[in-house]
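First the structure, in the form of C-alpha cells, and then the observations on it.
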Amino acid sequence: MTRPRTVLFDIDNTLLYTGGAGGHAMNRAFAELFGVDDGFRKIEFSGRTDLFILQSALKHGEIDGSPHEHMGAFVSTYARLLPESLVQRQGHVLPGFPQLLDLLREAGAQIGLATGNFSEGARLKLEFYELAGHFAGGGFGEVSLERSDVVAAAIREVADGTQPEDVVVVGDTPHDITAALTNGAIGVGVATGNYSVEELRESGAHITFEDFSDHESAAEQLLTFEPGV
Ligand SMILES: [Mg+2]
C-alpha cells in the first residue's frame, strides 16, 4: 500500500443481516407513535437513508409534519424497541467479517461507516453483532434524505486528509455505488443483499464480490485497486 486508504462500510446486508429486525422495530415504533399498523409495509428500504424511509412512511400514512419534525420521537421509540427485535429475528454476521476488518486495520487503513441507518440504530445493530469496536465513526441516516450526503459526511469525518480516490465505499445496493461515485470514491459492491454482482457492476461498481469469504483476497483488492489502471 502506497498511500493510506479509508474504507467505509454500509451495515445492512453488507456487514450483517438482521433478519428484518430494523423494519420490524420501525413498524412497531410507527404504530406506537401514529397508531398506524404496518406503516413500512410498502416502503423500499434497500440502500435508502432511514430519514428517507421515515419520510416515505409518513407520506404513505398521510401523517402531517416533516421527517425532521418527527425524527427525535421516532428514533427514541425505535431505539427502545430495536434490541428486542434483534433478539427475536435470527440474523447473522455476513461471511468474512470481522476478519476483513482486522486485515484492513492491520494494513493501516482507516475504517468507518457509510450507512443509511440512524446512528442510534447503527450502534445497536453493531453492538448486538459484536462489530462495534471496529469503526472510527462515519456518516449516518439522520444526515440527509440522500445517501450521497451520508457518504460525504463519512468522508469528512473518517477520511480526514485522504484523497477521495483513496476512499473505498463498500455496499450491497446500486444506491451505495452511486453515492460512492458521486463523491469521487471507489465503489465496491457485494452481492450479499438483494442485488446480484451483475446489477452492482451495471450500477458502476469498480469491484464486485459475491461475498467476502475470501477475506484475504478482498483486503488486498480493497487496499490496492486503482481506478483506470
Ligand atoms: Mg445495505
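FYI, it's all coordinate maths here, none of it is from the lab. None of these values were measured; they are calculated from a predicted model. Every residue, glycine as well, gets a Cβ built from its backbone with ideal geometry; the counts of neighbours run over all protein chains shown.
When a/c reaches 1.5 or more, the comparison of a/b and b/c decides; with that in mind, is the chain rounded, prolate or oblate per its Cα gyration tensor?
prolate
In whole Hz, with x marking every Gly and Pro, tabulate ³J(HN,Hα) for region 123-139 from phi via Karplus 6.51 cos²θ - 1.76 cosθ + 1.60, θ = phi - 60°.
Couplings: 4, 5, 5, 5, 5, 4, 9, 6, 10, 5, x, 8, 10, 8, x, x, x Hz.
Order of T14, T208, T49 from fewest to most other C-beta atoms within 10 Å?
T208, T14, T49
Just to confirm the number: angle between the C-alpha axis of helix 67-88 and the first principal axis of the chain, 0 to 90 degrees, nearest 10?
Computed tilt is about 80 degrees.
Report, in degrees rounded to the nearest 10, the 0 to 90 angle that the Cα long axis of helix 50-60 makes with the longest principal axis of the chain.
On a 0 to 90 degree scale, this one is about 30.
Can you give me the distance in nm between label points at K59 and E146, each placed 7 Å from the Cα along the Cα-to-Cβ direction?
The two pseudo-label positions are separated by 1.6 nm.
Report the residue, chosen from D38, D50, D149, that carries the largest GNM mean-square fluctuation when the chain is represented by alpha-carbon nodes joined by springs under 10 Å.
Of the options given, D38 has the highest mean-square fluctuation.
Which one of T162, F135, L104 has its Cα pushed farthest toward the positive end of the charge dipole of the chain, where Lys and Arg give +1 and Asp and Glu give -1 at the Cβ?
F135
At 222 nm, what helix-only mean residue ellipticity would the chain give, in deg cm²/dmol to the nearest 500, using -39500 (n - 2.57) for each DSSP H run of four or more?
So the helix-based figure for the chain works out to -13500 deg cm²/dmol.
Taking a ≥ b ≥ c as the square roots of the Cα gyration tensor eigenvalues, with a/c under 1.5 meaning rounded and otherwise prolate when a/b beats b/c, else oblate, which class fits region 36-79?
Cα axes put region 36-79 in the rounded bin.
Spin-label point model (7 Å from Cα, Cβ direction): what's the S66 to V93 distance in nm?
Going by the 7 Å Cα→Cβ label model, 4.0 nm.
Could you size up the charge dipole of the chain around its Cα centre, putting +1 on the beta carbon of Lys and Arg and -1 on that of Asp and Glu, and report it in debye to the nearest 20?
Dipole size: approximately 320 debye.
What is the helix-to-structure angle for 215-224, meaning the angle in degrees between its Cα long axis and the longest Cα principal axis of the chain, kept from 0 to 90 and rounded to the nearest 10?
70 degrees
Quick one: net charge around Q163, please, counting Lys, Arg +1 and Asp, Glu -1 for every other residue with C-beta under 13 Å from its C-beta.
-2
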